[in-house]
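Comments concern the structure below.
A short reminder: the numbers here are calculations on the coordinates, not readings from a lab. Quick caveat: nothing in here was measured; it's all calculated off a predicted structure. Every residue, glycine among them, receives a Cβ derived from its backbone with ideal geometry; neighbour counts consider all protein chains shown.
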Amino acid sequence: MKLSQQIAENIVHEVNAVIPQMINIMDENGVIIASSDLSRVGTLHDGAVQILRDGLDELIIHSPDEFFGSKPGVNYPIIMQGAYVGVLGITGDYTDVADSALIIKRMTELFPGLDDIAHALADEPEVTVVPNGVLTVQARDANVDLEGFLV
């Protein structure tokens, strides 16, 4: 699975409507694909490269000189279907931004799956709700597994 630039941009936009911190989302190569600071889009973030290369769970950057293309803050891998597909970075002091960053990370990991569901449902699927509350959907897109969602 690949994190799309459009989804990344939507996440940054929606999050910045609620919190003021600067947010970056980097792709599987460590390139910034969405950012609160548009001038950073398309630039390399060496902190993200290290997370992706070394399989780190978290990287705290304390100084702007620590990693090329990085600012002080916290960075987390974006993991989808067990694979590292990108990195989320949020600028600021770790104690101020870590909790928000973890929430945004999780939202970023969930959002593409929800987007797949929305597209599959837009194609007039056959929907069945059984008495135990399980929703079964037969979508035209065989790559989208929607069975097992509770209602």
Do we have any residue at all in the stretch 15-23 that's in a helix (DSSP H, G or I), in contact with a strand residue (DSSP E or B) (Cβ under 8 Å, 6 or more places away or on another chain), in contact (Cβ under 8 Å) with a residue 40 or more places away in the chain and farther than 16 Å from Pro77 by Cβ? yes
Any chance you could count how many residues in the stretch 82-94 are outside any strand (DSSP E or B) and farther than 19 Å from Asn16 by Cα? 1
Being surrounded by fewer than 17 Cβ atoms within 10 Å (Cβ to Cβ) and hydroxyl-bearing (Ser, Thr, Tyr), is that true of even one residue in the stretch 49-66? yes
Tally up the residues in the stretch 73-108 that are of a type in the set (Phe, Trp, Tyr) and touching a Lys or Arg at 6+ places or on another chain (Cβ under 9 Å), please. 1
Scanning for something at positive phi and surrounded by 14 or more Cβ atoms within 10 Å (Cβ to Cβ), does the stretch 90-107 turn up at least one residue? yes
Within the stretch 35-81, how many residues are in contact (Cβ under 8 Å) with a residue 40 or more places away in the chain and assigned to a helix (DSSP H, G or I)? 2
Specify the residue that is farthest from Pro77 (Cα to Cα); the eligible residues are those in the stretch 27-56 that are in contact with a Gly (Cβ under 7 Å, 6 or more places away or on another chain) and among the β-branched types (Val, Ile, Thr). Thr43
